[in-house]
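> Got a structure for you, written out below as structure tokens; questions coming shortly.
The values are calculated or read from the model by the stated rules, or taken from the named source; none is laboratory data. Only a predicted model underlies this, so the values are computations on that prediction, with no experimental measurement involved. Cβ atoms come from the backbone with ideal geometry, glycine included; neighbour counts cover every protein chain shown. Ligands, DNA and RNA are stripped out before the accessible areas are found, and what is left, the full protein with its side chains, is counted by its heavy atoms. Shrake-Rupley method; radii C 1.70, N 1.55, O 1.52, S 1.80 Å.
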Amino acid sequence: MEQARYQEIAIDIAHAIMMGEYREGVKIHGRSTLAGRYNVSPETIRRAIAILQNVGVVMVNQGVGITVTSKAMAEKFVKSFNQKGEIQVFLEDLKSLMDIRRENDMKIESHLNKLQGYADRIMSRWLDVGEIVIGRTSPAIGKTLKELKVRERTGTTIVAVVRDGFEQFSPEAGFILREQDVLLAAGSPEGQEMLQQLIL
């Protein structure tokens, strides 16, 4: 987070007090002079001086001007801002690390899902599971598994539907079939033959 200009000016004046450019009890240049020096508006200088007055570095008296009251408070103020800057850097680093971790978590989840899909496909080969591709003339296109009554008519169970390379396992009854979907059906050879007839 960038510091506002008036904060930068407040730090600069406090630093000048630390370095002895302005001594305790000595009057600092008026707001107009400071505005010219820093090339900002008098309002910006007023805000900078208000910060320093609030933390006890300077005192502002009507008709007298801006007077340095405490070098020690100036040092404390500068150190405080330096610490805030360090904290901000740590926070930004942590945010960056969190973003990286989140991205890695998403990659890990994606890889796990793919691996699970591959494992299930391999496992399905060990069971009585067959694959049926829905061709463009299939009467199953646009219908749900519930409408086709696959289990009732064939005794098989659709364990997954592969679409565009992605497996959807245990599809719901309302799952609508499309052309080129690959059905993974578990059941007896006879039941799978009946499913072939139903789908093709």
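> When the helices in the chain are scored as -39500 (n - 2.57) per DSSP H run of 4 or longer and the sum is shared across all residues, what 222 nm value do you end up with, to the nearest 500 deg cm²/dmol?
Details: 7 runs with 111 residues, N = 200.
Computed ellipticity for the chain at 222 nm equals -18500 deg cm²/dmol.
> To continue, here is another question. I want to verify the translational diffusion coefficient of the chain in µm²/s; compute it with Stokes-Einstein, Rh as the Kirkwood radius over Cα pairs, at 25 °C and 0.890 mPa s.
Values: Rh = 23.3 Å.
After rounding, the answer is 105 µm²/s.
> Under 14 Å from the Cβ of Ile141, count the other residues' Cβ atoms, weight Lys and Arg +1, Asp and Glu -1, and hand me the total.
Numbers: positive: Arg136, Lys143, Arg163, Arg178; negative: Glu147, Glu179, Asp181.
Spelling it out: positives minus negatives among the neighbours equals +1.
> Calculate the dipole size of region 105-200 relative to its Cα centre from +1 charges on Lys and Arg beta carbons and -1 charges on Asp and Glu beta carbons; express the result in debye to the nearest 20. If you can, show how the numbers build up before the last one.
Numbers: 12 positive and 14 negative charges, 32 e Å.
Magnitude of the dipole: close to 160 debye.
> Let me ask another. Once you sort the root eigenvalues of the Cα gyration tensor of region 134-199 as a ≥ b ≥ c, which label holds: rounded (a/c under 1.5), prolate (a/b larger than b/c) or oblate (the other case)? Intermediate results must be reported in sequence, preceding the final value.
Numbers: a/c = 1.43, a/b = 1.26, b/c = 1.13.
The shape class here is rounded.
> Next up: Per residue, how many Å² of accessible area does the chain show with a 1.4 Å probe? All intermediate terms of the calculation are to be shown ahead of the outcome.
Numbers: 13260 Å² over 200 residues.
Value returned for the chain: 66 Å² of accessible area per residue.
> Given a Förster radius of 22 Å and the C-beta distance between Thr67 and Glu43 as r, what FRET efficiency does 1/(1 + (r/R0)^6) yield to the nearest 0.05? Don't skip to the end; give the middle numbers.
On the way: r = 21 Å, r/R0 = 0.94.
FRET efficiency, Thr67 to Glu43: 0.60.
> In whole percent, what relative contact order does the chain give with Cα contacts below 8 Å and a gap of six or more residues? Intermediate results must be reported in sequence, preceding the final value.
Working: 238 pairs, mean separation 33.7, N = 200.
RCO, the chain: 17 percent.
> Specify the angular offset, from 0 to 90 degrees and rounded to the nearest 10, of the alpha carbon long axis of helix 189-199 from the longest principal axis of the alpha carbons in the chain.
70
> Right, another one. Taking Cα pairs under 8 Å and at least six residues apart, what relative contact order does region 21-85 come out at, in percent?
Normalised by residue count, the contact order of region 21-85 is 35 percent.
> When the accessible area of the chain is computed with all protein chains present and a 1.4 Å probe, what percentage of it is carbon and sulfur? Show your work: numbers first, answer last.
Values: 7120 of 13260 Å².
Summing carbon and sulfur atoms, their accessible area is 54 percent of the total for the chain.
> While we're looking at this one, here's another question. Could you work out how much longer the chain between Asp93 and Glu24 gets when fully extended? Use 0.36 nm per residue separation minus the Cα distance between them, nm to one decimal. Please report the intermediate quantities before stating the final value.
Details: separation 69, 0.36 × 69 = 24.84 nm, distance 3.91 nm.
Fully extending the segment from Asp93 to Glu24 adds 20.9 nm.
> In addition: About the Cα centre, and with charges only on the beta carbon of Lys, Arg (+1) and Asp, Glu (-1), how big is the dipole of region 1-81? Nearest 20 debye, please.
I would put it at about 160 debye.
> Under 14 Å Cα-Cα from Lys79, which aspartates and glutamates qualify once same-chain neighbours fewer than 8 residues away are excluded?
Straight-line reach from Lys79, under 14 Å: Glu8, Asp12.
> Please name which of Ala4, Val162, Gly20 has its Cα lying farthest along the dipole of the chain towards the positive end, using unit charges on Cβ (Lys, Arg +1; Asp, Glu -1) and the Cα centre as origin.
The Cα lying farthest towards the positive end belongs to Gly20.
> Considering only Cα-Cα distances, which of the following residue pairs are longer than 30 Å: Lys71/Lys95; Lys107/Lys146; Lys114/Lys146? All intermediate terms of the calculation are to be shown ahead of the outcome.
Numbers: Lys71/Lys95 36 Å; Lys107/Lys146 34 Å; Lys114/Lys146 27 Å.
Table pairs above 30 Å Cα-Cα are Lys71/Lys95; Lys107/Lys146.
> Computed FRET efficiency, Cβ-Cβ of Lys79 and Met106, R0 35 Å: what is it to the nearest 0.05?
Values: r = 41 Å, r/R0 = 1.17.
Efficiency, rounded to the nearest 0.05: 0.30.
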